[in-house]
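K.L.:
Please read through the structure below; I'll follow up with questions.
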Amino acid sequence: MEYTIGVVLALAVIGIMNWVGIGRDRSFYATIMIVIAHYYVLYAVMGGSGQAIVLESLIGLGFSIAATIGFRTNLWLVVAAMIGHGLFDFVHHQFIEN
């Protein structure tokens, strides 16, 4: 159920932002990717696990770097980062416990 909610919310944000016109800005999706990448860091902080905070920060940094490089060079890298993060969501619980 959580995956369905995530997909529906993502599509709603994309739809609304494109309707408003913000989605046309080159920086929009890279910024969204950076924000999304750091949600797990927030959850790790809330869970109080120092190890999870470090791991989530490193993973978030990786996605943020991909988004930044994609913004500067080729937006398809941002798309790849978003898809990669979506796939990571499916296996996250197998590697990191918050």
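The values are calculated or read from the model by the stated rules, or taken from the named source; none is laboratory data. Predicted model only: the values in this text are computed from it and were never measured. All Cβ positions, even for glycine, are placed from backbone atoms using ideal geometry, and neighbour counts span all protein chains on display. Surface accessibility is based on the protein's heavy atoms, side chains included, excluding ligands, DNA and RNA. Shrake-Rupley method; radii C 1.70, N 1.55, O 1.52, S 1.80 Å.
K.L.:
Provide a single number: the residues in the stretch 82-98 that are part of a helix (DSSP H, G or I) and either open to solvent by 70 Å² or more (accessible area, probe 1.4 Å) or modelled with pLDDT of 95 or more (or both). Steps first, answer last, please.
P.N.:
At the first step, the residues of the stretch 82-98 found to be part of a helix (DSSP H, G or I) are 82-95.
Filter once more, keeping what is either open to solvent by 70 Å² or more (accessible area, probe 1.4 Å) or modelled with pLDDT of 95 or more (or both): 83, 87, 90, 93-95.
So the answer is 6.
K.L.:
Quickly run through the stretch 11-30 and pick out the residues that are open to solvent by 50 Å² or more (accessible area, probe 1.4 Å), out of contact with any helix residue (DSSP H, G or I) (no Cβ under 8 Å at 6 or more places or on another chain) and either assigned to a helix (DSSP H, G or I) or not acidic (Asp, Glu) (or both).
P.N.:
The answer is Leu11, Ile16, Trp19, Val20.
K.L.:
Looking at (1) farther than 21 Å from Tyr3 by Cβ; (2) open to solvent by less than 70 Å² (accessible area, probe 1.4 Å), which one does Leu58 not meet, given that it meets all the others?
P.N.:
Failing condition for Leu58: (2).
K.L.:
If the Cβ limit is 6 Å and pairs must be 6+ apart or interchain, which residue in the stretch 19-40 that is without any contact (Cβ under 8 Å) to a residue 12 or more places away in the chain pairs with which residue that is open to solvent by 70 Å² or more (accessible area, probe 1.4 Å)?
P.N.:
Cβ pairs passing all conditions: Phe28/Ile22.
K.L.:
Condition test on Gly6, is it open to solvent by less than 50 Å² (accessible area, probe 1.4 Å), modelled with pLDDT of 90 or more and in a helix (DSSP H, G or I)?
P.N.:
Values: open to solvent by less than 50 Å² (accessible area, probe 1.4 Å): yes; modelled with pLDDT of 90 or more: no; in a helix (DSSP H, G or I): yes.
Considered against the rule, which asks whether it is open to solvent by less than 50 Å² (accessible area, probe 1.4 Å), modelled with pLDDT of 90 or more and in a helix (DSSP H, G or I), Gly6 comes out as no.
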